[in-house]
1. Given H placed 1.01 Å from N in the peptide plane, which residues other than close sequence neighbours of Lys106 have an amide H under 5 Å from its amide H?
2. Dipole of the chain, Cα-centred, from +1 at each Lys and Arg C-beta and -1 at each Asp and Glu C-beta, to the nearest 20 debye?
3. Mean residue ellipticity at 222 nm from the helices of the chain, using -39,500 (n - 2.57) per DSSP H segment of n ≥ 4 over the full residue count, to the nearest 500 deg cm²/dmol?
4. Full-extension gain between His158 and Ala69, please, as 0.36 nm times their residue separation minus the C-alpha to C-alpha distance.
5. What are the trypsin sites (Lys or Arg not before Pro) within the range 72-160 that DSSP puts in a loop, where the Cβ has at most 11 other Cβ atoms within 10 Å?
6. In percent, what relative contact order does the range 35-141 have, based on Cα pairs under 8 Å that are 6 or more apart in sequence?
7. Note the full-extension length gain between Asp19 and Gln139 as 0.36 nm times their separation in residues minus their Cα-Cα distance, in nm to one decimal.
8. Roughly to the nearest percent, how much of the accessible area of the chain is carbon and sulfur, given a 1.4 Å probe?
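The values are calculated or read from the model by the stated rules, or taken from the named source; none is laboratory data. It should be emphasised that the depicted structure is a prediction, and the values quoted were computed from it without experimental measurement. All Cβ positions, glycine included, derive from the backbone under ideal geometry; neighbour counts span all protein chains shown. Side chains are part of the model used for accessible areas, which takes the heavy atoms of the whole protein and leaves out ligands, DNA and RNA. Shrake-Rupley method; radii C 1.70, N 1.55, O 1.52, S 1.80 Å.
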Amino acid sequence: MSKTPATPPLPAVPSAAEDLLFQTFNEIGIISQLATARLERVLPMGLRASQFSILNHMVRLGDGRTHQALTNAFQVTKGAMTNNLTRLLDKGLLTMQVDPLDGRVKRYHLTTDGRRVREEARLAIGLGYDELLAEFGQQDFAAALPFLRRLRTYLDEHRP
């Protein structure tokens, strides 16, 4: 009979730094959930946040991405990415082309409608967040952005 390795005991009380990190990431997680729900209420064509994220990713970084590259970028399963790509293809927002150098690889490209819908979504998101600017002001968002970008860059560069 094999034994399960013992789990090391947790410290009785987290350090102040550990608690600060937990609180920070807990807030980011809750904000992410709330922002996703708000986002999906304004997205055109019944898009989900994950589908909009793919369109947005391809506008920002260029299209012609492979399934594997997108799966890695979004850190999702191949099945989840297939589901999202299929829905975007069905809506006419992406096209799929066989890679000319390797016929086993398929590349995804934004259609004109895909770019238009991404832009419509971006504008709708902006309108949906006007109340946040009124509540917090542009300065609060501008002040938070450098730290959030540094945090995102670090986490992206140090993926497990």
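1. When sequence neighbours closer than 5 places are left aside, the close amide H contacts are His67, Asp99.
2. Its charge dipole is roughly 700 debye.
3. -21500 deg cm²/dmol
4. Here the answer is 30.3 nm.
5. Arg104
6. About 29 percent, as a whole number.
7. 40.5 nm
8. Accessible surface attributable to carbon and sulfur in the chain totals 59 percent.
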